[in-house]
Amino acid sequence: MRAMERLAPPPWKAKVVEPIELRSPRERRVAIGNAGFNTFLLRSEDVYIDLLTDSGTGAMSDRQWAALMCGDEAYAGSRSFFRLQAAVERVMGFPYVLPTHQGRGAENLLFSCLVRPGQCVVNNLHFDTTRAHARHKGGRPVDLVVEEAYAAGFRAPFKGNMDLDRLDRFLRETGRDAVALVMVTVTCNGAGGQPVSLSNLRGVRQVCDRYGVPLFLDACRFAENAYLIKQREPGQEGRGVGEIVRDMMAVADGCTMSAKKDGLCNIGGFLAMRDPELYRQACQWAVLFEGFPTYGGLAGRDMEAMAVGLEEVVDEGYLAYRVGQVEELARRLEGEGVPIVQPPGGHGVYVDAAAMLPHLPRHRFPAWALTVELYLEAGVRAVEIGTVMAGRDPATGDHDYPRLELMRLAVPRRVYTSSQLGLVADALGRINRRREAVRGLEFTHEPPFLRHFTARFRPV
Ligand SMILES: *Cc1c(COP(=O)(O)O)cnc(C)c1O
């Protein structure tokens, strides 16, 4: 990997601004107490810098806002649909597109077509809605990411890669009929926004061909993945991101997409594919779950904004700043001695809370405790990707402890300046210097599933 240079300025300037306000320490104590020590239950007005998620939180460009005015709101055959279809075909190379209200809508359509009860769905690492949709169709989600994905401090360029040997063995032992499809999530959100290399994607295709299994990408952050391939994969550095994107997509039969990520939109998504027969089948489900196949639960204007966003996101000036800004935040945190997942991924920095707060046992939720502390310290909102989010093991009833206990600082696209992210690093540095004082938490209310969204806690 290249040594870090100074971050170049962004290739845009602000035209519209949204005021934000830092609440006083007392107000923050009241706010987090009222929220049951759960950052999901905070009101956004009480948050100063919001790094809860990069999903749907980006700033649209003037061209996207202008495109909204051109939305064709026809129920069927909307001009905006054909614009979106042309953009998807140009950028990704898939001829058939079904718009959906967001990424999980596309997962639902795809799995409704391909997953039969009892079949496995293989992924490098399932995103939580993808896992839930696979289960909802009676499928069995299986994660086969490379082992180094679980070694937080270990630096490897492509920690999102599929373990090809395990994939081959798994498909051979399980048999074609018991496997619905293979998916590869780019970048791999669950492992810290880690990219998947082009050679790994091609390897996955070869294995899938050997057993006749379909291959789809979970393409939410496809442009960030392509840029990281350009930066990190030998032989790819001289190529255009647009070319790399098309090479990534060329291995797949289609993709699910959340336009709230690399679509640079606040809402929207789609399912794209090559097979006309699958498309016809998915259209039936679309009518049931999303809407007529030329709007899929979206307004015409949303499809216009998506079409523009897909073209803008592969701009290399944009991506250099995007990935560079995340890298800069990681470097500042390292400077503060805060342990993070290495190397930083495409859309955020993941703090290794188990390493930072070793005095807290896992059942006192160290990563969750860190989100509370960070809010109290500086009004910054982050999210736990650890024990609370993982839920309980249905068999034993105990917490289903994940291998990593992380706090994610997700960076919204085109929203915050370097000085604002610097403030986040400074706050975590202060917490790190008095880390033994960070207290753990226990539940006062624990919902039976997807507990992290609505759980309430008290400090112990
Ligand atoms: C966000 C996300 C999804 C689901 O998309 P939504 O638009 O939130 O429904 C699926 N996979 C990955 C990797 C994601 O990050």
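Is it the case that the stretch 70-79 has a residue that's touching a Pro at 6+ places or on another chain (Cβ under 9 Å), in the same structural domain as Gly193 (by TED's automatic domain parsing), farther than 30 Å from Val388 by Cα and among the aromatic types (Phe, Trp, Tyr)? No: zero hits. Contact map, the stretch 300-311: residues that are more than 19 Å from Ser55 (Cβ to Cβ) paired with residues that are outside any helix (DSSP H, G or I), Cβ distance under 6 Å, separation 6+ or inter-chain. Pairs shown: Gly300/Gly71; Gly300/Asp72; Gly300/Glu73; Gly300/Ser78; Arg301/Gly71; Glu304/Cys70; Glu304/Gly71.
The single condition among (1) within 11 Å of the ligand (Cβ to nearest atom); (2) over 23 Å from Thr100 (Cα atoms); (3) aromatic (Phe, Trp, Tyr) that Phe222 does not meet is (2). Of all residue pairs spaced 6 or more apart or on separate chains, those with beta-carbon atoms under 9 Å, a first member in the stretch 111-130 that is among the basic types (Lys, Arg) and a second member that is within 16 Å of the ligand (Cβ to nearest atom) are Arg116/Lys137; Arg116/Gly139.
Of the residues examined, Glu334 is one that is surrounded by fewer than 20 Cβ atoms within 10 Å (Cβ to Cβ) and without any contact (Cβ under 8 Å) to a residue 12 or more places away in the chain. The C-beta contact set for the stretch 275-286 (first residue assigned by TED's automatic domain parsing to the domain that holds Val97, second residue among the aromatic types (Phe, Trp, Tyr), distance under 7 angstrom, 6+ apart or interchain) comprises Pro276/Tyr96; Tyr279/Tyr96. Only one of the numbered conditions (1) crowded, with 23+ Cβ neighbours inside 10 Å; (2) in the same structural domain as Phe216 (by TED's automatic domain parsing) is violated by Gly346, and that is (2).
Identify the residue in the stretch 93-107 that is surrounded by 24 or more Cβ atoms within 10 Å (Cβ to Cβ) and in a helix (DSSP H, G or I) and, among all such residues, is nearest to the ligand (Cβ to nearest atom). Among those residues, the one meeting the criterion is Gly103.
The values are calculated or read from the model by the stated rules, or taken from the named source; none is laboratory data. All figures in this text were calculated on a predicted structure; none of them were measured in a lab. Neighbour counts run over all protein chains shown; Cβ positions are idealised from the backbone, glycine included.
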